[in-house]
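Q: Got a structure here, written out as structure tokens. Questions coming.
The values are calculated or read from the model by the stated rules, or taken from the named source; none is laboratory data. All figures in this text were calculated on a predicted structure; none of them were measured in a lab. Glycine also receives a Cβ, built like all others from the backbone with ideal geometry; neighbour counts cover every protein chain displayed. Areas reflect the complete protein model, heavy atoms only, side chains present, ligands, DNA and RNA absent. Shrake-Rupley method; radii C 1.70, N 1.55, O 1.52, S 1.80 Å.
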Amino acid sequence: MNTLPKKYKHSEIEEKWKSWWEAERVYGWDPSRPKEETFIIDTPPPTVSGSLHVGHVFSYTHTDVIARYQRMTGKNIFYPMGWDDNGLPTERRVQNYYRIRCNPEVAYNPDWKPTHDPKQKKEIEEVSRKNFIEACNTLTHEDEKAFHALWSQLALSVDWALEYATIDEHCRRVSQASFLDLLEKGEAFHAKSPTMWDTDFQSAIAQAELEDREVAGAYHNIRFQVADSSEEIEIATTRPELLPACIAVVAHPSDERYQHLFGKEAITPLFHSRVPIRAAEHADPEKGTGILMVCTFGDIMDVEWWKQSKLPMKQIIGREGKLLDVSFGTEPFQSEKPESAQESYRELAGLYAKQARTKIAELLAAPNSAVNSDGTALVGEPTPTKAPVKFFEKGDRPVEFVPTRQWYVRVLPHKERLLQLGKEIEWHPEYMYTRFQHWVEGLNQEWCYSRQRYFGVPFPVWYPVQEDGETDYENPILPPFEDLPIDPSTDVPAGFREEQRGQKGGFRGDPDVMDTWSTSSLTPQIMSHWKIDPERHKQLFPMDLRPQGHDIIRTWAFTTIAKAMLHEGTIPWKHICLSGWILDPDRKKMSKSKGNVVTPGHLLEEYSSDAVRYWSARARLGTDTAFDDKVFAIGRKLVTKLFNASRFVLSQFERLETTAEASLGGTVTEEVDKAFLHKLHNTISAATAGFEALDYAVALQRTEELFWDFCDHYVELVKTRSYGEEQSAERDSALTTLAISLKSFLQLFAPFLPYVTEEVWSASFRTDPGSTGSIHKSRWPDAKEVATYAKSGNPRLFDLAKQIMGEVRGTKSTSQRSLKWPVQELQLTGDGETLGGIRRITGDILRASNCTEEALSLKENSDADGQLSVRVVLAEEEPTA
RNA sequence: GGGCGCUUAGCUCAGUUGGUAGAGCGUCAGCCUUACAAGCUGAAUGUCGCAAGUUCGAUCCUUGCAGCGCCCACCA
């Protein structure tokens with residue numbers, strides 16, 4: 001048993017216990033214990049290429065606090081850590097960091113090594129896909145080390161033997177197995193159809209990756225001619241550049257203004273295409289002129305309407321977001337005046353959509369641009385407007401709908417079941433379920449599962465190449481499960497040779513990678529070794545707890561629930577808890593792009609890890625928290641106080657050459673002691689109930705409250721008694737209460753303040769039976785056990801003592817006297833019951849007030865109704881030294 | 001446009017079967033007290049966002065409104 005140093009130096013102490021915990025494997029998962037005794041956490045794998053900031057510390061601490069509590073209840077904790085390293089954020093970071101680009105056409109160079117020199121702005125280098133992936137691996141490995149160091153410092157009690165990375169071989173295997181399972185079940189399919197497409201990244205994206213942004217645009221009112229008639233219709237659009245892709249004109253079926261036109265045709269200006277005029281439910285008579293053009297494709301409604309209309313598609317926007325070369329007069333670009341149409345289009349071809357918009361506005365504004373050559377096709381000046389436009393959340397230009405071949409996973413047919421399963425999960429806070437519900441109800445597309453990127457999990461699929469050189473998408477070649485993971489761009493399917501790659505009668509690998517959520521959605525299955533180790537899977541799945549941010553309910557929570565449903569028809573975890581965000585002091589969300597990010601390193605150094613954890617744990621689940629230095633200072637103060645109070649308590653035992661542990665078995669005889677232990681019992685019950693409901697914040701609050709009462713009032717009341725030179729029942733009662741209290745407080749604080757509590761524990765209660773010696777493996781305090789000490793205790797007596805002490809101190813303070821100053825007269829007035837209680841605790845009160853027994857008078861007032869009034873008169877004389 | 005959440009002391013936040021409004025920080029006034037000056041004691045501070053309703057009684061329940069934040073939605 002070591003003794004505590006005089007001062008608490010957090011950096012030394014953290015260093016000591018951090019390595020001891022790791023060496024002793026205090027947080028190791030024990031695979032031999034059954035599921036019922038295990039608490040299983042689906043840890044969020046942090047995106048390692050993202051910036052490290054206090055938000056990470058915040059939410060991961062919440063999980064750790066819960067894990068530590070569960071561990072102390074005797075549970076076997078399964079608490080892994082993964083790194084989310086695949087996907088676009090990493091690619092982007094690697095491109096900038098090493099100044100490279102992936103070009104799949106370039107050959108692999110085994111001698112190439114990525115270099116980073118921030119001083120030298122070298123030319124952007126094109127490298128092969130394999131080299132690019134190597135560079136991704138190199139950089140993410142560095143990032144992971146930084147995260148690992150932070151997590152250790154923060155004392156996350158993860159089992160580092162359970163570390164994984166979403167791009168590692170095991171994750172690729174599970175990801176690909178998942179895909180093959182979905183394919184077998186008919187839940188995955190591929191289709192060539194208009195897909196939401198980011199023109200910068202040149203990849204398909206999913207509904208979950210969309211965000212709306214307010215963008216300045218302008219309404220252009222354009223005159224169309226009704227075919228075989230002199231009538232004109234005026235159509236408003238913010239995307240005039242899509243005029244050449246116009247396939248129809250529609251108005252609401254009940255719109256009286258256009259009834260007579262349904263069934264007729266309209267002719268577009270500039271391109272002179274005949275397009276049908278039809279009725280469509282989605283046309284809103286209130287908006288614009290009530291009649292609109294359908295183009296392939298302006299928005300999702302265009303896509304929907306096009307699908308059911310069976311009209312031909314006129315694709316003009318290409319993968320790069322530029323207008324393609326098309327020729328008018330040939331299908332589907334039918335035109336009444338092909339030459340004139342082509343002449344107009346020549347001005348637009350090759351331009352980006354936004355440039356084309358400006359250009360076509362000029363063309364439309366030209367004299368004689370109307371179909372009948374009578375004036376301009378553009379009516380008036382374009383009217384500026386601001387409208388929400390869909391963007392890929394990481395992109396810089398609006399998404400376009402581009403027809404491409406993609407893999408999809410079915411979610412739309414399963415909406416009902418998803419909602420049902422969502423309800424089976426306990427959401428903390430509960431109202432977060434509503435967000436999930438709304439997301440599921442609002443789904444309007446299947447999950448687009450493929451991405452045209454490089455650093456990700458490839459599809460485990462090859463296709464036969466037919467004799468005509470075309471790819472046979474309908475008969476994919478699949479690897480057996482045992483071969484996973486595979487990379488179809490380098491691996492060869494059974495029965496083929498590498499030389500047949502891309503050749504007639506040979507094969508071709510699927511070039512795409514999976515959506516990053518395809519892997520992230522499997523974090524429970526990745527850790528349970530689904531399909532690989534059925535025994536282990538049964539032992540770990542479904543899991544107990546998913547912690548995550550509320551901003552990714554529609555992605556991570558949703559896809560994980562969807563996968564558990566599609567694969568095994570079950571929920572993935574029993575509980576999901578959602579942490580809030582960290583806001584900067586101006587209440588803006590902390591994010592890299594806003595430049596208001598605070599990194600955690602200096603906070604840990606300045607205030608200690610325990611203090612930073614304290615700050616995190618004060619915030620309730622789901623609640624956003626403003627970053628506030630002061631709270632760290634409060635945390636540091638609490639740590640110091642806990643340390644000093646512990647030193648005081650332990651010194652009482654050292655003085656008598658005994659130990660706190662030996663005193664636990666003593667007898668509690670004094671009323672003040674019993675009263676305090678009763679309070680302690682209440683606090684333990686409340687903290688336990690809080691933790692059981694995942695409400696760690698209330699556990700901390702209640703513990704902290706009573707701890708300050710302990711220091712300020714209990715210790716001050718019994719100090720003199722515990723200092724007694726002679727052995728006595730009164731003295732031993734105080735010592736036993738101090739021992740029980742210290743032990744309980746250390747344990748109650750242990751989930752929040754793992755370092756300081758371990759330090760004190762090591763000097764006091766380390767031999768607790770059944771523990772490895774770490775407080776974090778000790779048994780959580782048992783409220784019932786504490787209650788046995790305090791059987792007849794009356795907690796009100798403690799409050800009365802507090803009140804009297806407060807009055808005494810108050811009088812001394814306002815008289816500008818020291819707290820040692822003698823009290824000449826102490827008069828207490830109350831009803832019989834109150835005074836009866838006070839009589840049992842006067843000894844401690846008089847000692848702590850420096851008041852003689854003669855100076856005390858008790859006056860009974862039967863009308864006092866439980867109220868106690870206190871009169872204090874101080875001595876004139878200065879206290880003698 | 002729809003939904004969810006929030007609004008309590010100067011600041012950050014607690015506050016459930018509806019019953020006299022709480023903590024910490026900050027401010028002010030003091031105090032070396034046999035653990036702690038990185039400490040301790042005390043004091044002051046409120047239209048509980050606004051309005052109506054239910055009730056003997058509303059910070060709490062109901063309705064409406066306002067402000068803030070977030071999520072979602074169909075770009076004419």
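Q: Cα axis of helix A:10-24 to longest principal axis of chain A: angle in degrees, 0 to 90, nearest 10?
A: Once rounded, one gets 80 degrees.
Q: At 0.36 nm per residue, and after removing the present C-alpha to C-alpha distance, how many nm does the segment from A:W160 to A:N475 gain when stretched out fully?
A: Extra length from A:W160 to A:N475 when fully extended: 109.1 nm.
Q: If you stretched the chain out fully between A:T658 and A:L324, how much longer would it get, using 0.36 nm times the residue separation minus the C-alpha to C-alpha distance?
A: My answer for the length gained is 111.4 nm.
Q: Once the convex hull of the alpha carbons of segment A:559-685 is built, what does its volume come to per residue, in cubic angstrom?
A: It is 225 Å³ per residue.
Q: With all protein chains present, how much of the accessible area of segment A:725-841 (probe radius 1.4 Å) comes from carbon and sulfur, to the nearest whole percent?
A: Heavy-atom surface of segment A:725-841 belonging to carbon and sulfur, 1.4 Å probe: 46 percent.
Q: Viscosity 0.692 mPa s, temperature 37 °C: Stokes-Einstein D of segment A:735-825 from its Kirkwood Cα radius, in µm² per second?
A: Answer, rounded: 204 µm²/s.
Q: Regarding segment A:383-458, what's the average projected area of the Cα-atom convex hull, expressed in nm²?
A: 8.8 nm²
Q: Turning to a different aspect of this structure: If you place +1 on the Cβ of every Lys and Arg and -1 on the Cβ of every Asp and Glu, how big does the dipole about the Cα centre of chain A come out, in debye to the nearest 20?
A: 980 debye
Q: Enumerate the calculated ³J(HN,Hα) couplings along segment A:606-623 in order (Karplus 6.51 cos²θ - 1.76 cosθ + 1.60, θ = phi - 60°), each rounded to whole Hz, writing x wherever the residue is Gly or Pro.
A: The phi angles translate into 6, 9, 5, 4, 4, 5, 5, 5, 4, 4, 5, 6, 6, 7, 6, 4, x, 9 Hz.
Q: Still on this model: Go ahead and collect, in residue order, the members of segment A:155-188 whose backbone nitrogen is under 12 Å from a label point 7 Å along the Cα-Cβ direction of A:S32.
A: none
Q: Ok, one more. Compute the angle between helix A:415-424 and the longest alpha-carbon principal axis of chain A, please, reported from 0 to 90 degrees and rounded to the nearest 10.
A: The angle comes out at about 10 degrees.
Q: Continuing with the same structure: Would you mind checking which residues have amide H under 5 Å from A:A248's amide H? H placed 1.01 Å from N; only 5 or more apart, or other chain.
A: Those qualifying (amide H under 5 Å, at least 5 residues apart or on another chain) are A:V294.
Q: Cα atoms only: what Rg and Dmax, in Å, come out for chain A?
A: Spelled out, the Cα radius of gyration and Dmax of chain A are 36.3, 118 Å.
Q: State, as an integer percentage, the relative contact order of chain A based on alpha-carbon contacts under 8 Å between residues 6 or more apart.
A: Contact order relative to length: 13 percent.
Q: Take A:T358, project a point 7 Å from its Cα along the Cβ direction, then tell me which residues of segment A:300-335 have their backbone nitrogen under 18 Å from it.
A: Flagged as within label range: A:321-323.
Q: Continuing with the same structure: I want the antiparallel fraction of DSSP beta bridges within chain A, as a percent rounded to 5.
A: If we restrict to bridges inside chain A, about 65 percent are antiparallel.
Q: Among A:S744, A:L52, A:I317, flag the residue with its Cα farthest along the positive direction of the charge dipole of chain A, charges on Cβ as +1 for Lys/Arg and -1 for Asp/Glu.
A: Most positive-ward Cα: A:S744.
Q: Under a point spin-label approximation (7 Å from Cα along Cα-to-Cβ), what is the A:S254-A:K287 distance to one decimal in nm?
A: 1.8 nm
Q: Helix A:88-98 sits at what angle to the longest principal axis of chain A, using alpha carbons and giving 0 to 90 degrees rounded to 10?
A: Taking Cα atoms only, the helix is inclined about 90 degrees.
Q: So what are the three principal axis dimensions of segment A:275-399 from its Cα atoms, in whole Å, longest to shortest?
A: 40, 34, 34
Q: Then there is this: Report the semi-axes of the equivalent ellipsoid for segment A:339-425 in whole Å, largest first, where each axis is √(5λ) for an eigenvalue λ of the Cα gyration tensor.
A: Computed over segment A:339-425, the values are 43, 17, 14 Å.
Q: Now a separate question. Taking every pair of alpha-carbon atoms in segment A:366-502, give the share separated by more than 25 Å as a whole percent.
A: In whole percent, the share of Cα-Cα pairs in segment A:366-502 beyond 25 Å is 61.
Q: A further question on this structure: Over 28 Å between Cα atoms, which of A:K589/A:K679; A:K641/A:K802; A:K9/A:K630; A:K75/A:K641; A:K322/A:K386 qualify?
A: In this structure, A:K589/A:K679; A:K75/A:K641 exceed 28 Å between Cα atoms.
Q: Pop out the carbon and sulfur fraction of the accessible area of segment A:93-134 as a percent, whole number, probe 1.4 Å.
A: Whole-percent figure for carbon plus sulfur exposure: 47.
Q: While we're here: Using only the alpha-carbon atoms of segment A:149-304, report the extent along each of the three principal axes, biggest first, to the nearest angstrom.
A: 79, 39, 30
Q: Quick check for you: which residues of segment A:849-880 have the amide N under 17 Å from the point 7 Å beyond the Cα of A:K820 toward its beta carbon?
A: Zone members listed by number: A:849-852, A:875-880.
Q: Need the full-extension length gain, A:N861 to A:D111, defined as separation in residues times 0.36 nm minus the C-alpha distance. One decimal, nm.
A: So the extension gain works out to 260.5 nm.
Q: What does DSSP give for segment A:743-881 in terms of the percent of beta bridges that are antiparallel, rounded to the nearest 5?
A: Roughly 50 percent of the beta bridges in segment A:743-881 run antiparallel, per DSSP.
Q: As I understand it, the dipole of chain A uses +1 on the Cβ of Lys and Arg and -1 on the Cβ of Asp and Glu, about the Cα centre. Which of A:F132, A:G866, A:C246 lies farthest toward its positive end?
A: Looking along the dipole axis, the top candidate is A:G866.
Q: Skip the ligands, DNA and RNA, and give the accessible area per residue of segment A:684-732 with a 1.4 Å probe, whole Å².
A: 41 Å²
Q: Just to confirm, what accessible area per residue do you get for segment A:93-247 at 1.4 Å probe, in whole Å²?
A: Per-residue accessible area for segment A:93-247 comes out at 43 Å².
Q: How large is ³J(HN,Hα), in whole Hz, for each residue of segment A:343-349 in order, when computed from phi with the Karplus curve 6.51 cos²θ - 1.76 cosθ + 1.60 and θ = phi - 60°, using x for Gly and Pro?
A: Per residue, the Karplus-derived 3J(HN,Hα) values read 5, 5, 5, 4, 5, 9, 4 Hz.
Q: If you plug each phi of segment A:464-481 into the Karplus form 6.51 cos²θ - 1.76 cosθ + 1.60 with θ = phi - 60°, what whole-Hz ³J(HN,Hα) values come out, in order, with x for Gly and Pro?
A: x, 9, 6, 5, 8, x, 7, 7, 8, 6, 6, 10, x, 9, 10, x, x, 3
Q: Here's a follow-up. Heavy-atom accessible area of A:H602 with all protein chains present, probe 1.4 Å, nearest 10 Å²?
A: Near enough 90 Å² of accessible area.
Q: Sticking with this structure for a sec: Solvent-accessible area per residue for segment A:430-522 at a 1.4 Å probe radius, Å²?
A: That works out to 45 Å² for each residue.
Q: What residues have an amide H closer than 5 Å to that of A:I291, excluding those fewer than 5 places away on the same chain, when H is modeled at 1.01 Å from N in the peptide plane?
A: When sequence neighbours closer than 5 places are left aside, the close amide H contacts are A:A236.
Q: Between A:A218 and residues 5 or more places away or on another chain, which pairs have amide H atoms under 5 Å apart, with H built 1.01 Å from N, and which residues are they?
A: It is A:T385, by chain and number.
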